[in-house]
Amino acid sequence: MSASIESWAQQVRAGDVRAMSRAITTIENHAAEAEALLKSLFPHTGAAYLSGITGAPGTGKSTLVDRLATHYRKAQQKVGVIAVDPTSPYSGGAILGDRIRMQSHAGDAGIFIRSMATRGFLGGLSRATAEVALVLDAAGKKQILIETVGVGRTKLTSFASPIALSLFWFPASATTSNP
């Protein structure tokens, strides 16, 4: 492994925001350095508690994520938020930018919020979501909140990594037959 990758991994583990942002972009773009960086970070993961927040559009997922982040920060826990949004057909980036809805945390160095586009990946997540959670875990975030893009019941990708999953539906959306 190159010295520059190891130095970058050390910056991520120290919680350097620019290094974390660069790492996430590298992973999202499937850049050549992504695999080596993840290999360097992986031994420093496993301490975070991951929570997935999903459900239909407009059910309050972002509000809950914002409130949970506030709660964890009051308890002095470092928080990472991965907000998965629809993909812009123009830029390929996140179209809604859920971090805009969490402006109260903008000046808090103990929270890192990243909006990610699905980039055509179905099921409410981005293909890079699990790897991005590893980056946040290695960076010392003890609570990682993963908010999916609003999804329907049949479109939800299985969460393989979160320990806790909250699913939000409008009461009127229940049907007599369950999947």
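The values are calculated or read from the model by the stated rules, or taken from the named source; none is laboratory data. It should be emphasised that the depicted structure is a prediction, and the values quoted were computed from it without experimental measurement. We place every Cβ from the backbone using ideal geometry, glycine too, and count neighbours over all the protein chains shown.
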Restricting to the stretch 33-59, count the residues that are in a loop (DSSP other than H, G, I, E, B) and either polar (S, T, N, Q) or out of contact with any Asp or Glu (no Cβ under 9 Å at 6 or more places or on another chain) (or both). 5
Every listed condition ((1) loosely packed, with under 15 Cβ neighbours inside 10 Å; (2) small (Gly, Ala, Ser); (3) under 25 Å from ALA69 (Cα atoms)) holds for GLY52 save (1)
If we scan the stretch 51-68, do we find a residue that is at pLDDT 95 or above and either over 16 Å from ILE146 (Cα atoms) or within 13 Å of the chain's Cα centre (by Cα) (or both)? no
Say we look at the stretch 89-103 and pick out the residues that are closer than 22 Å to THR54 by Cβ and touching a strand residue (DSSP E or B) at 6+ places or on another chain (Cβ under 7 Å); which of these is modelled with the lowest pLDDT? ASP98
Looking only at the stretch 33-46, which residues are loosely packed, with under 15 Cβ neighbours inside 10 Å and at pLDDT 95 or above? GLU35, LYS39, PHE42, PRO43
Positions within the stretch 1-32 being assigned to a helix (DSSP H, G or I), modelled with pLDDT of 95 or more, surrounded by 12 or more Cβ atoms within 10 Å (Cβ to Cβ) and of a type in the set (D, E, K, R), in sequence order: GLU6, ARG13, ARG22
Scan the stretch 21-43 and report the pairs whose first residue is closer than 13 Å to SER4 by Cα and whose second residue is at pLDDT 95 or above and in a loop (DSSP other than H, G, I, E, B), with Cβ atoms within less than 9 Å and a gap of 6+ or a chain change. ALA23/ALA139
Can you find a residue in the stretch 74-88 that is part of a helix (DSSP H, G or I) and either surrounded by fewer than 13 Cβ atoms within 10 Å (Cβ to Cβ) or not acidic (Asp, Glu) (or both)? yes
